[in-house]
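Written below as structure tokens is the structure these notes are about.
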Amino acid sequence: MKIHAQTSSYTSPWTAAQRVKMVLWEYCWLIFCSWTPKPANRWRVGWLRLFGATMHGQPFVHQRARIQIPWNLTMHDRAALGDRTNAYTLGPIEIGEHATVAQEVYLCTGTHAFDQPALNLITAPIHIGAHAFIGARAFVMLGVTVGEHAVVGACSVVTKNVAPYATVKGNPAK
């Protein structure tokens, strides 16, 4: 877990150069990727690589997936980010090989330190193990590891680690 330095709740934890790169990324994804058909996956993965994402093998990223900061994303061979998935990569997200993140899943790596006047940004990584499945509209909180071959049910809220081969569902996921 990382607490970012901020002097007030109105200051950004990101440098000016990082903010410019984030804006450039948003426009590049919008212009060059968001309209592409599914078979243009290599094109989208290429743009992610260009902006610093670590892509191993042949991962799949849906054209309507949203990746906040691509240089914090790592995907392994045949990992998939589904339609309208939101990878809120304020911190690192790693998706293992053959893992599926279904449509409209929210992977959230950031929150705020509500006990501090500046409401400092807090980030922690999310790790999704190989062959795991995250069901539609699930919400995965920062610092969570979903083990290999685990299944997270649709619309679940995952606040704690999920053991390998486990199946969890509900709010909070159990």
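May I ask you to verify whether V61 is more than 18 Å from C108 (Cα to Cα), surrounded by 12 or more Cβ atoms within 10 Å (Cβ to Cβ) and among the aliphatic types (A, V, I, L, M)? So V61 does not fit the description; no. Within the range 111-162, the set of residues being free of Cβ contacts under 8 Å to residues at least 24 places away in the same chain, surrounded by fewer than 20 Cβ atoms within 10 Å (Cβ to Cβ) and either in contact with a Gly (Cβ under 6 Å, 6 or more places away or on another chain) or among the hydrophobic types (A, V, I, L, M, F, W, C) (or both) comprises F114, G147, V151, G153, C155, V157.
Can you tell me which residue in the range 163-174 is surrounded by the most Cβ atoms within 10 Å (Cβ to Cβ), limited to those that are part of a loop (DSSP other than H, G, I, E, B) and of a type outside the set (A, V, I, L, M, F, W, C)? Even if it seems obvious, please write down each step before you answer.
Looking only at the range 163-174, we keep the residues that are part of a loop (DSSP other than H, G, I, E, B), and these are 163-166, 169-174.
Restricting the remaining residues to those that are of a type outside the set (A, V, I, L, M, F, W, C) gives 164-165, 169-172, 174.
Values: P164: 14, Y165: 13, K169: 16, G170: 11, N171: 12, P172: 12, K174: 9.
Here the answer is K169.
Filter the range 122-174 for residues that are more than 17 Å from Y106 (Cβ to Cβ) and in contact with a Pro (Cβ under 9 Å, 6 or more places away or on another chain) and give the result. Those that are more than 17 Å from Y106 (Cβ to Cβ) and in contact with a Pro (Cβ under 9 Å, 6 or more places away or on another chain): G129, G147, E148, H149, A150.
Only residues that are of a type in the set (S, T, N, Q), farther than 17 Å from G153 by Cα and outside any loop (DSSP other than H, G, I, E, B) were counted in the range 87-129, giving 2. Every test in (1) of a type in the set (S, T, N, Q); (2) farther than 18 Å from K2 by Cα; (3) surrounded by fewer than 18 Cβ atoms within 10 Å (Cβ to Cβ) is passed by T100 save one, and that test is (3).
For the range 48-78, which residues satisfy the criterion of being touching a residue at least 24 places away in the same chain (Cβ under 8 Å) and assigned to a loop (DSSP other than H, G, I, E, B)? F51, H56, G57, P59, H62, Q63, R64, Q68, I69, H76, listed by residue number. Take W29 and decide whether it is outside any loop (DSSP other than H, G, I, E, B) and surrounded by 19 or more Cβ atoms within 10 Å (Cβ to Cβ). Spelling it out, W29 is indeed outside any loop (DSSP other than H, G, I, E, B) and surrounded by 19 or more Cβ atoms within 10 Å (Cβ to Cβ).
Looking across the range 112-125, the residues that are modelled with pLDDT of 95 or more and farther than 12 Å from P13 by Cβ come down to A124, P125.
Number of residues in the range 146-168 that are in contact with a strand residue (DSSP E or B) (Cβ under 7 Å, 6 or more places away or on another chain) and farther than 19 Å from Q103 by Cα: the value is 3.
Of all the numbered requirements in (1) within 20 Å of the chain's Cα centre (by Cα); (2) more than 13 Å from I69 (Cβ to Cβ), A16 misses one, and that requirement is (1).
Taking the criterion of being out of contact with any Leu (no Cβ under 9 Å at 6 or more places or on another chain), of a type in the set (K, R) and over 17 Å from G82 (Cα atoms), the residues of the range 1-50 that qualify are R19, K21, R49.
Considering (1) out of contact with any strand residue (DSSP E or B) (no Cβ under 6 Å at 6 or more places or on another chain); (2) at pLDDT below 95, the lone condition that R137 does not fulfil carries the number (2).
The values are calculated or read from the model by the stated rules, or taken from the named source; none is laboratory data. The structure presented is a predicted model; accordingly, all values stated were derived computationally and were not measured. Positions of Cβ are generated from backbone atoms using ideal geometry, with glycine treated the same way; all protein chains shown enter the neighbour counts.
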